[in-house]
1. What's the total number of residues in region 36-63 that are touching a Ser or Thr at 6+ places or on another chain (Cβ under 6 Å), of a type outside the set (S, T, N, Q) and either modelled with pLDDT of 95 or more or within 16 Å of Ser84 (Cβ to Cβ) (or both)?
2. Restrict the check to region 38-53 and report whether at least one residue is of a type outside the set (S, T, N, Q) and not in a loop (DSSP other than H, G, I, E, B).
3. If you scan region 191-245, which residues turn out to be of a type in the set (S, T, N, Q) and either more than 27 Å from the chain's Cα centre (by Cα) or surrounded by 20 or more Cβ atoms within 10 Å (Cβ to Cβ) (or both)?
4. When you scan region 222-231, do you find a residue that is assigned to a loop (DSSP other than H, G, I, E, B) and either over 30 Å from Phe39 (Cβ atoms) or not hydroxyl-bearing (Ser, Thr, Tyr) (or both), even just one?
5. Condition first: within 30 Å of Lys245 (Cα to Cα), in contact with a helix residue (DSSP H, G or I) (Cβ under 8 Å, 6 or more places away or on another chain) and of a type in the set (Val, Ile, Thr). Can you find one or more residues in region 58-77 that meet it?
6. Is there a residue in region 207-216 that is of a type in the set (Asp, Glu), closer than 15 Å to Ser256 by Cβ, assigned to a loop (DSSP other than H, G, I, E, B) and not assigned by TED's automatic domain parsing to the domain that holds Lys41?
7. Report the residue count in region 79-121 for those that are under 23 Å from Pro152 (Cβ atoms) and without any contact (Cβ under 8 Å) to a residue 24 or more places away in the chain.
8. Taking the options Asp189, Asp172, Asp167, name whichever one is part of a helix (DSSP H, G or I), touching a residue at least 60 places away in the same chain (Cβ under 8 Å) and either in the same structural domain as Asp20 (by TED's automatic domain parsing) or among the charged types (D, E, K, R) (or both).
Amino acid sequence: MGKLVVIQTVIPAYRIKVFDKISTELGDDFTLYGGQFFFDKTITTTTQSKLHQHINNHYLLGRRFLWQTGFWKEVFKDNVLVLSLNPRVLSHWAILLLRSLSRKRTILWGHAWPRSGQKSKSDNLRHLMRSLASEIIVYTEQQKEELKLKMPYKKITAAPNAVLFKDQMSSDTATEVNDIIYVGRLIADKKPLLLYNGFKKALKELPEATKLVIIGDGPERAKLLELSKKDGLEHRVLIPGEVTKASILEEYYKKSLLSASP
């Protein structure tokens, strides 16, 4: 199939195992490129990434659009190029047009639909981008089946953007399982303060041993630390920061009865 070249906006920690697995399988036939910061500055390339080659992200019009440089030699080679399915990356439009003219295999990888849903007006632009690709990879089987109804003649594959290996999975629990856990970025969109306030409101109904564990980093973390101190809840609300090591996360999850997700 030729060399596989993947171009990412950033390389977050949760994708490292995916790229490590691809690298193990393909060796020198795999090249990964990534920039440092995403549109949202709280999403960055992890320091754990040893595989990728750094490229430059040039943000335009108040970080609404992006043009990437530092990999363009790959565009004209006879390889398989994987780009993110994001219409806001203007350089991807140029790459898709150039490679479609020369019939080079170019794959888009990402969410099938915009955040506002498949019936939103913005999907018209996204659909045009999808149409220029040789193939499409979406994150779930459901997205694959939905997109096939709209693009029955396009090759569409479902593949997750994060993996957990079998030897890292565990159903072990601690002697006492009482906690509520959240793991993710601490930004306003994820509403961690709503979770905190809900926990605070429900305290009287919860066992005394129950703790709220909020793992992650971002601008909302400082607010959470300040609130927990102000409310005298440091002993009930744990906010350890970003934790990516599986063995440490495992210990937190062993004590958790519920996992909260935005």
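The values are calculated or read from the model by the stated rules, or taken from the named source; none is laboratory data. Computed from a predicted structure; not experimentally measured. With ideal geometry, Cβ positions are generated from the backbone for all residues, glycine too; neighbour counts draw on all protein chains shown.
1. Qualifying residue count, region 36-63: 2.
2. Scanning region 38-53, I find no residue that is of a type outside the set (S, T, N, Q) and not in a loop (DSSP other than H, G, I, E, B), so the answer is no.
3. Correct list: Thr210, Ser228.
4. Within region 222-231, one or more residues are assigned to a loop (DSSP other than H, G, I, E, B) and either over 30 Å from Phe39 (Cβ atoms) or not hydroxyl-bearing (Ser, Thr, Tyr) (or both).
5. No: zero hits.
6. No, because not a single residue in region 207-216 is of a type in the set (Asp, Glu), closer than 15 Å to Ser256 by Cβ, assigned to a loop (DSSP other than H, G, I, E, B) and not assigned by TED's automatic domain parsing to the domain that holds Lys41.
7. Residues meeting the conditions: 6.
8. On inspection, the qualifying residue turns out to be Asp189.
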